[in-house]
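For reference, the structure is listed below as structure tokens.
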There are 2 protein chains.
Amino acid sequence: MSAKSVIAIAHPNIALIKYWGNLDDEWTIPANGSISMTLGGVFTQVCMTAAENLEHDQLTMDGQVASEAAQTRLRQFMDHVRHLSGKTFFCRVESTSNFPRGSGIASSAAAFAALALAAAKLYDLPTHPIELSRLARLGSGSACRSIYGGFVEWLAGRDHQSSYAIPIASPEHWDLVDCVAVVSTEHKAVSSREGHRLAKTSPLQRCRVQSADQRLEQCRQAILQRDFEQLADVVEWDSNLMHSVMMTSQPPLFYWRGETLVIMEEIRQWRNRGTPVCYTIDAGPNVHILTLSNYAEQVKEKLSQVAGVREVIMAKAGEGAYLLEP
Amino acid sequence: MSAKSVIAIAHPNIALIKYWGNLDDEWTIPANGSISMTLGGVFTQVCMTAAENLEHDQLTMDGQVASEAAQTRLRQFMDHVRHLSGKTFFCRVESTSNFPRGSGIASSAAAFAALALAAAKLYDLPTHPIELSRLARLGSGSACRSIYGGFVEWLAGRDHQSSYAIPIASPEHWDLVDCVAVVSTEHKAVSSREGHRLAKTSPLQRCRVQSADQRLEQCRQAILQRDFEQLADVVEWDSNLMHSVMMTSQPPLFYWRGETLVIMEEIRQWRNRGTPVCYTIDAGPNVHILTLSNYAEQVKEKLSQVAGVREVIMAKAGEGAYLLEP
């Protein structure tokens with residue numbers, strides 16, 4: 001074993017082209033490719049310690065013993081790690097995040113990206129980013145994107161080997177800012193994991209998936225050319241497509257609230273009047289508003305005045321996962 | 001000419017399985033079949049008078065000279081009538097409705113059903129309901145359903161000859177009540193006509209259309225068996241599917257408002273707690289809530305207490321179009 005204890009840090013990401021539904025639920029092979037921006041400033045740190053005397057892995061989150069569901073999810077991930085590495089020891093994991101849960105920033109992506117890096121180091125697995133990306137995917141699909149900083153594409157692939165993320169552009173490439181308008185911090189009734197399984201019960205999922213390549217191409221080009229208008233069109237379109245699938249699943253998943261819809265309408269109007277803004281919404285009621293750094297303060301100010309907005313969290317493009325060297 | 005002046009009355013209808021998008025815009029051949037309930041109590045009356053001296057058709061609505069757009073739409077319809085009948089005279093049309101515009105009850109269905117009947121009488125065209133249904137369809141797609149009372153299915157067909165409505169069950173068959181929760185009476189930004197043309201720009205329309213037969217069957221069976229639970233499932237699902245297509249068109253059409261979403265959520269909760277209610281929403285923000293007559297007063301009362309609801313209009317299943325004999 002190369003180290004008794006390692007600390008890894010990773011950032012969450014916001015999907016610009018959404019991941020929703022799997023080709024293979026067990027291996028988290030997504031139905032379609034996706035693109036995201038890794039978020040700076042907000043992060044999750046995991047400290048992973050080898051513990052030869054333990055009989056199973058142990059997880060604390062923000063200083064508290066984690067829920068049974070979270071423990072199980074960690075253990076399933078670590079079983080993959082042990083299987084791949086041939087090493088059998090268990091570990092103690094302390095995870096801490098500097099952003100609130102329920103804020104609309106998905107915590108599992110940052111957590112499993114950091115876990116993949118820490119585990120690769122502790123269990124002597126290959127640390128090439130593509131290898132880390134595949135490993136992180138086994139913990140949480142979107143975690144495969146948080147291995148990299150800046151703008152990232154998850155190539156859907158068709159099996160474990162071919163499904164991983166690659167970088168599109170560095171954090172410095174474009175000064176986009178994600179302003180998260182928090183309208184509720186309630187725990188979501190249906191988890192994303194369960195939602196992914198329901199995707200195929202919507203008659204619309206097939207059409208969403210079949211048309212994804214065109215949107216991936218438009219989003220990739222918009223990023224490479226720093227074309228905000230192109231980006232805004234495709235990002236809102238893709239978010240609406242995902243929520244369409246959610247709302248037409250059986251049972252239907254409604255993540256939007258009244259306030260969510262009001263903000264979406266506001267954003268479309270601000271953009272029509274010339275402000276570079278667009279929205280994207282994950283599996284929750286909070287709204288991610290993308291803008292350019294020059295407009296970020298003004299957008300934050302305007303968002304704060306919209307009825308129902310409790311808080312606005314700001315994040316620029318951030319770095320990929322890294323180890324905190326002792 | 002068999003009469004100098006005729007008066008026809010028809011009722012609006014609420015679609016339970018929605019019509020959205022055409023196979024052929026010019027002939028209003030719909031992309032999929034639809035099912036509706038004709039609404040009693042609310043109606044449109046048209047008085048059509050042959051006027052040999054006129055040089056074009058003239059329309060008044062509720063006593064006012066109609067807008068240029070409405071005049072054009074009437075004239076296009078009457079051109080069909082003249083073409084089919086071989087008669088060349090123009091007419092004066094006075095249309096009056098007993099329900100407010102912008103209430104969420106589509107007025108064009110009732111108007112063109114009444115116009116079709118009046119025109120058939122005045123221009124000596126066949127008055128068999130299927131012939132009337134085809135003719136009404138040329139004025140406004142959903143008008144072909146308002147020829148009949150009670151529960152009605154529009155068979156999509158593939159051309160003018162094969163696209164018409166037929167009755168499923170009489171108004172007395174089932175004591176459903178439509179409670180329209182009015183949250184806004186603003187004129188809609190994008191007309192249904194324009195919306196139908198945009199349907200094909202959504203990547204989801206193909207999947208919605210391809211899966212429609214299954215929903216038509218479920219809805220038909222639910223009506224025939226008076227199975228409210230089955231009806232509720234398929235009616236909400238189908239409404240969500242149509243709005244998914246709307247919201248993912250290019251440009252996107254958002255008809256829902258914050259209040260709309262809040263009411264939808266309330267309705268799902270009331271049903272979960274045992275009240276037989278379900279919602280369906282047309283191309284506007286107002287919500288049609290279906291319930292059984294025993295629950296109608298209670299539902300109206302509860303709806304009136306929801307924030308943003310200005311008025312609740314109630315309608316049972318109504319009659320088909322008929323002539324007012326002098």
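The values are calculated or read from the model by the stated rules, or taken from the named source; none is laboratory data. In this text, all values refer to a predicted model and were calculated from it rather than measured experimentally. Note that each Cβ is placed from the backbone with ideal geometry, even for glycine, and that neighbours are counted across all protein chains shown. Just the protein is used for accessible areas: all its heavy atoms, side chains included, with ligands, DNA and RNA removed. Shrake-Rupley method; radii C 1.70, N 1.55, O 1.52, S 1.80 Å.
Couple of notes before you dig in:
- Considering the range A:154-167, the residues that are assigned to a strand (DSSP E or B) and in contact with a helix residue (DSSP H, G or I) (Cβ under 7 Å, 6 or more places away or on another chain) include one that is surrounded by the most Cβ atoms within 10 Å (Cβ to Cβ), namely A:A165.
- Any pair with Cβ under 8 angstrom, 6 or more apart, that starts in the range B:250-278 at a residue that is within 11 Å of another protein chain (Cβ to nearest Cβ) and ends at one that is of a type in the set (S, T, Y) and part of a helix (DSSP H, G or I): B:Q250/B:T201; B:L261/A:T260
- Subset of the range A:145-163 [within 20 Å of A:C219 (Cα to Cα) and charged (D, E, K, R)]: A:R145, A:E153
- Taking (1) under 15 Å from A:V180 (Cβ atoms); (2) surrounded by fewer than 23 Cβ atoms within 10 Å (Cβ to Cβ) in turn, A:I263 satisfies each apart from (2).
- Residue match in the range A:190-198 (condition: open to solvent by less than 10 Å² (accessible area, probe 1.4 Å), at pLDDT below 95 and within 17 Å of the chain's Cα centre (by Cα)): yes
- Residues (part of a helix (DSSP H, G or I) and surrounded by fewer than 21 Cβ atoms within 10 Å (Cβ to Cβ)) located in the range B:200-211: B:K200, B:T201, B:R206, B:Q210
- The one condition in (1) open to solvent by 10 Å² or more (accessible area, probe 1.4 Å); (2) closer than 15 Å to B:I7 by Cα; (3) part of a helix (DSSP H, G or I) that B:S142 fails to fulfil: (2)
For every residue, the table says whether it meets (1) aliphatic (A, V, I, L, M); (2) crowded, with 19+ Cβ neighbours inside 10 Å.
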residue: B:T96; (1), (2): no, no
residue: B:P100; (1), (2): no, no
residue: B:A106; (1), (2): yes, yes
residue: B:D124; (1), (2): no, no
residue: B:R134; (1), (2): no, yes
residue: B:L138; (1), (2): yes, yes
residue: B:S146; (1), (2): no, yes
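- A:R220 in a loop (DSSP other than H, G, I, E, B), open to solvent by 20 Å² or more (accessible area, probe 1.4 Å) and closer than 25 Å to A:H11 by Cα: no
- Within the range B:53-61, none of the residues are in a strand (DSSP E or B) and touching a residue at least 40 places away in the same chain (Cβ under 8 Å).
Residue-by-condition table, conditions (1) farther than 30 Å from A:K200 by Cα; (2) open to solvent by less than 10 Å² (accessible area, probe 1.4 Å); (3) assigned by TED's automatic domain parsing to the domain that holds A:A120:
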{"position": "A:Y19", "(1), (2), (3)": "no, no, yes"}
{"position": "A:L23", "(1), (2), (3)": "no, no, yes"}
{"position": "A:S34", "(1), (2), (3)": "no, yes, yes"}
{"position": "A:C47", "(1), (2), (3)": "yes, no, yes"}
{"position": "A:A69", "(1), (2), (3)": "no, no, yes"}
{"position": "A:R75", "(1), (2), (3)": "no, no, yes"}
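- The condition (being within 11 Å of chain B (Cβ to nearest Cβ), open to solvent by less than 60 Å² (accessible area, probe 1.4 Å), in a helix (DSSP H, G or I) and farther than 19 Å from A:E311 by Cα) is satisfied by just one residue among A:L231, A:L241: A:L241.
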